[in-house]
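All remarks here apply to the structure that follows.
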Amino acid sequence: MQQRYGVGEGQVLCTTGATGALSLIYRALVKPGERILVENPAFDIFHTLAETLGIMVDRFERSGPDFTIDPDAVAAQIRPDTKLIVVSNLHNPSGMATPEIPALARIAETYGVLLVVDEVYADYAASGDQARPAMQISPNAVSISSLTKTYGLSTLRCGWIVARADIVARIRALADETEFGISTLGHALAALVLEQRPLFDDYRDGIMRRARPIIESYHAHWRAEGLVEGELPDGACIAFPRVVGIEDTNAFSEWLADRCGVIVAPGEYFGRAGHIRIGFARAPADVDYGLQALTDGLMRYRSLSRG
């Protein structure tokens, strides 16, 4: 891990997944009643976890077909008691890159806050620049990641935080007092995986090379038929199109799962109703079946709604 990020041992803390990492950051660095500033749409854990801890949550929008961020709008929402800006790169749920990370890091430095970047999808980035860890860009940036999204090894429950040594020291002090459920065996296996990253990277990249043309074909067909709007990310295993004519995507997702066993995540989970998150890092037959079922479902559900 130290080699991957180019840091010393004191700048890395292993955690129980990326969610465990975020929980430690919130509890160690933000007091109840203080504020964080979170992207929208966003992975729901970003705000629900904070709210359960009594932390106040403000939001800024990621908008347009690429879910871009307006750094000036972010800066305008920082208050005296704001402690963190929380974003993802690649963006979850859209899979889009977050090229605004350097600008957000400068804002964090200017206002004396920290920029926390969830990088669990970063290894899917189409270019190395997009995957560059935020903590390498600014001393006020904190990178978190895990093995769940990049290698599918959620059972190992291995995540990590990489940041300035003094920041990690504050988080580690809390972890030493409260984190008793970390599996030493699971993290030992995770270390073996990380030592053999090229092997696992090749496996992941092979899956994506086969899956990518399939999702591109279906997405083009959906747009031509007026079923969805939006762009595919250049490099990711997820997409977040807007579904034309279906506003209650929670109801649609439940209907689709009951009808054919295909699961998509409704936009309501991420603060953007009318969209669905599609994951396609699967074997070609699974991807093709799922997307064909989704195509049929979109057409059928829209027809039923009109009827």
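Count of the stretch 192-206 residues, restricted to those that are surrounded by 12 or more Cβ atoms within 10 Å (Cβ to Cβ) and of a type in the set (A, V, I, L, M), is 2.
Of the residues making up the stretch 103-128, those that are aromatic (Phe, Trp, Tyr) and over 18 Å from residue 14 (Cα atoms) number 2. The lone criterion from (1) closer than 22 Å to residue 139 by Cβ; (2) surrounded by fewer than 22 Cβ atoms within 10 Å (Cβ to Cβ); (3) touching a Lys or Arg at 6+ places or on another chain (Cβ under 8 Å) left unmet by residue 114 is number (2).
No other residue among 29, 24, 84 is touching a helix residue (DSSP H, G or I) at 6+ places or on another chain (Cβ under 6 Å), in the same structural domain as residue 126 (by TED's automatic domain parsing) and either at pLDDT 95 or above or crowded, with 21+ Cβ neighbours inside 10 Å (or both) apart from 24. Here residue 255 passes the criteria (1) of a type outside the set (S, T, N, Q); (2) within 23 Å of residue 212 (Cα to Cα); (3) in contact (Cβ under 8 Å) with a residue 40 or more places away in the chain except the one numbered (2). Residue check, residue 144 against (1) free of Cβ contacts under 8 Å to residues at least 40 places away in the same chain; (2) out of contact with any Lys or Arg (no Cβ under 9 Å at 6 or more places or on another chain), all met but one. Which one? All conditions pass for residue 144, except number (1).
Let me confirm something: among 97, 76, 50, which residue is out of contact with any Lys or Arg (no Cβ under 7 Å at 6 or more places or on another chain), surrounded by fewer than 14 Cβ atoms within 10 Å (Cβ to Cβ), at pLDDT 95 or above and hydrophobic (A, V, I, L, M, F, W, C)? Of 97, 76, 50, the one residue that is out of contact with any Lys or Arg (no Cβ under 7 Å at 6 or more places or on another chain), surrounded by fewer than 14 Cβ atoms within 10 Å (Cβ to Cβ), at pLDDT 95 or above and hydrophobic (A, V, I, L, M, F, W, C) is 76.
Whenever a residue of the stretch 261-275 is on the phi > 0 side of the Ramachandran plot, its partners that are outside any strand (DSSP E or B) and of a type in the set (S, T, N, Q), lying with C-beta atoms within less than 9 angstrom and at least six residues away or across chains, give the pairs 274/249. Has the stretch 110-118 got any residue that is outside the structural domain of residue 275 (by TED's automatic domain parsing), assigned to a loop (DSSP other than H, G, I, E, B) and among the charged types (D, E, K, R)? Within the stretch 110-118, not a single residue is outside the structural domain of residue 275 (by TED's automatic domain parsing), assigned to a loop (DSSP other than H, G, I, E, B) and among the charged types (D, E, K, R). Pairs are defined by a Cβ separation below 9 Å, a sequence spacing of at least 6 or placement on different chains, a first member in the stretch 93-120 that is closer than 15 Å to residue 76 by Cα, and a second member that is among the basic types (Lys, Arg) and outside any loop (DSSP other than H, G, I, E, B); the pairs so defined are 113/83. Within the stretch 129-171, the set of residues being under 17 Å from residue 10 (Cα atoms) and surrounded by fewer than 19 Cβ atoms within 10 Å (Cβ to Cβ) comprises 136, 139, 164, 165, 166, 169, 170.
Could you list, in sequence order, the residues of the stretch 264-279 that are in contact with a Leu (Cβ under 9 Å, 6 or more places away or on another chain) and outside any loop (DSSP other than H, G, I, E, B)?
Applying the first criterion (in contact with a Leu (Cβ under 9 Å, 6 or more places away or on another chain)) to the stretch 264-279 yields 264, 276, 278.
Of everything in the stretch 264-279, those that are in contact with a Leu (Cβ under 9 Å, 6 or more places away or on another chain) and outside any loop (DSSP other than H, G, I, E, B) turn out to be 276, 278.
For residue 18, state whether it is in a helix (DSSP H, G or I), over 15 Å from the mean Cα position of the chain (by Cα) and either on the phi < 0 side of the Ramachandran plot or among the small types (Gly, Ala, Ser) (or both).
no
Annotation: residue 282 fulfils all but one of (1) assigned to a loop (DSSP other than H, G, I, E, B); (2) touching a strand residue (DSSP E or B) at 6+ places or on another chain (Cβ under 9 Å); the unmet one is (2).
Residue-wise test of (1) assigned to a helix (DSSP H, G or I); (2) farther than 26 Å from residue 25 by Cα; (3) without any contact (Cβ under 8 Å) to a residue 40 or more places away in the chain.
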{"residue": "172", "(1), (2), (3)": "yes, no, no"}
{"residue": "189", "(1), (2), (3)": "yes, no, yes"}
{"residue": "193", "(1), (2), (3)": "yes, no, no"}
{"residue": "204", "(1), (2), (3)": "yes, yes, no"}
{"residue": "211", "(1), (2), (3)": "yes, yes, no"}
{"residue": "215", "(1), (2), (3)": "yes, yes, no"}
{"residue": "221", "(1), (2), (3)": "yes, yes, no"}
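Filter the stretch 172-190 down to residues that are surrounded by fewer than 13 Cβ atoms within 10 Å (Cβ to Cβ) and at pLDDT below 95 and give me whichever is farthest from residue 151 (Cα to Cα). Full working, then the answer.
Of the stretch 172-190, the ones surrounded by fewer than 13 Cβ atoms within 10 Å (Cβ to Cβ) are 173, 176-178, 180-181, 184-185, 188.
Add one more test, that the residue is at pLDDT below 95, and what stays is 176-178, 180-181, 184-185, 188.
Details: 176: 27, 177: 30, 178: 28, 180: 25, 181: 22, 184: 19, 185: 18, 188: 16 Å.
Among those that are surrounded by fewer than 13 Cβ atoms within 10 Å (Cβ to Cβ) and at pLDDT below 95, it is 177.
The values are calculated or read from the model by the stated rules, or taken from the named source; none is laboratory data. Being a predicted model, the structure only gives us computed values, none of them experimental. Note that each Cβ is placed from the backbone with ideal geometry, even for glycine, and that neighbours are counted across all protein chains shown.
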